[in-house]
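Just so it is clear, none of the values below were taken in a lab; they were calculated from the coordinates. Because the structure is predicted, anything quoted here is derived from the model rather than measured. Every residue, glycine as well, gets a Cβ built from its backbone with ideal geometry; the counts of neighbours run over all protein chains shown.
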């Protein structure tokens with residue numbers, strides 16, 4: 001009955017004129033049509049949305065507690081901003097399988113569900129006091145959150161947005177949480193020096209495997225794109241711990257290479273984020289301990305076959321989707337404004353860019369034709385063409401940090 005006031009008096013049907021020609025705001029108000037305007041304000045964002053969700057770039061504005069949503073498929077158009085997400089230092093974002101929703105976990109322990117079509121916060125739930133990461137299960141039924149404090153893994157039902165399970169983690173901080181094939185979750189326990197595998201396909205979420213004494217202080221982990229290899233980095237041991245998900249009986253300890261002349265370098269002193277390590281064919285590209293460069297590691301022997309010098313120790317090393325290029329950034333020190341591009345075929349640096357102060361993060365568009373770079377110090381996002389290295393666009397953003405593409409929804413470990 002909300003629309004009855006908009007038809008000709010005495011008739012139950014419209015007179016055939018376009019809506020805009022017979023729409024009379026004063027008549028609607030006089031006839032109680034204020035309810036119509038409330039309804040219109042509610043549904044208008046959905047009615048006016050003209051974007052899909054397959055190529056959205058969601059940028060964390062960490063001091064503001066908000067995310068900026070950009071459509072990379074529509075000339076890098078800014079769609080809007082979603083606020084009220086909490087303390088977003090080290091915030092992570094994962095996506096629903098259809099790309100419609102994003103799940104944001106804040107450092108102060110709030111899990112938020114954001115609608116990427118209506119551009120609004122849908123639900124918000126306290127899941128810990130200090131959260132560090134999250135993963136969406138393969139079947140899209142659950143969202144898992146890893147916490148520093150209290151040390152546990154919290155499982156949330158995606159539909160009801162309620163906690164269905166809390167898995168205590170031996171009083172340890174949990175890190176490197178990923179989703180894996182067969183509805184498994186894999187996580188490292190920083191203080192317990194172990195890796196756990198959880199069966200999220202079982203309603204009791206049992207821990208079905210525990211790998212103990214993997215090395216000292218795991219700080220992050222990655223799952224290779226095929227879902228087979230889970231690799232945990234360690235603060236105080238000169239190797240990485242690897243689980244072969246096809247042959248999970250034991251872990252393999254892979255010695256980390258040192259740069260030439262620094263064979264006695266200590267273990268990791270600062271965190272390179274393992275999400276950015278690259279598996280290209282039979283070669284793993286990883287930051288080396290104690291040196292400014294990438295190690296190209298032969299995955300058949302797990303030995304370094306080439307050292308690729310860089311300007312500094314990379315914090316992120318991100319691979320273009322076709323694995324032809326590796327883009328690195330440094331954040332701290334004199335090279336905080338620098339990004340270098342390595343050609344995988346030649347294993348050489350082919351371009352050095354200066355996007356802006358304090359480059360925090362990078363993210364490729366789904367097919368890698370462009371890359372988004374956050375300059376936290378200059379309050380902007382820079383979009384570069386990865387073929388020509390030309391700057392396509394600058395987008396203002398409030399202290400941007402992490403950038404997450406909705407295409408991650410179809411990939412393991414993200």
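Some observations on this one:
- All C-alpha pair distances within segment 357-411, sorted into 5 Å bins from zero, spread as 5, 22, 28, 24, 16, 6, 0 percent across the bins.
- Temperature 4 °C, viscosity 1.567 mPa s: under these conditions the Stokes-Einstein estimate for segment 295-353, based on its Kirkwood radius over C-alpha pairs, is 107 µm² per second.
- Centre-to-centre separation between the Cα atoms of segment 341-379 and those of segment 185-248: 29 Å.
- For residue 282 and residue 160, a Förster radius of 56 Å and the Cβ-Cβ distance give a FRET efficiency of 0.80, rounded to the nearest 0.05.
- Legend: calculated FRET efficiency, residue 63 to residue 204, from the Cβ-Cβ distance at R0 = 45 Å, rounded to 0.05, equals 0.65.
- Fraction of alpha-carbon pairs over 23 Å apart in segment 306-414 - percent: 23 percent
- Label zone at residue 171, where the point sits 7 Å out along the Cα-to-Cβ direction: segment 188-213 residues whose backbone N lies under 13 Å: 191-192
- Inter-site label distance for residue 388 and residue 216 at 7 Å from Cα along Cβ, in nm: 5.2 nm
- Extended-chain gain in nm, criterion 0.36 nm per residue less alpha-carbon gap, residue 77 and residue 129: 15.2 nm
- Taking the inverse of the mean reciprocal distance over all distinct Cα pairs, the Kirkwood hydrodynamic radius of segment 113-166 comes to 11.7 Å.
- Globularity index of segment 128-218 is 0.98 (Cα radius of gyration / 2.2 N^0.38 Å, N = number of residues).
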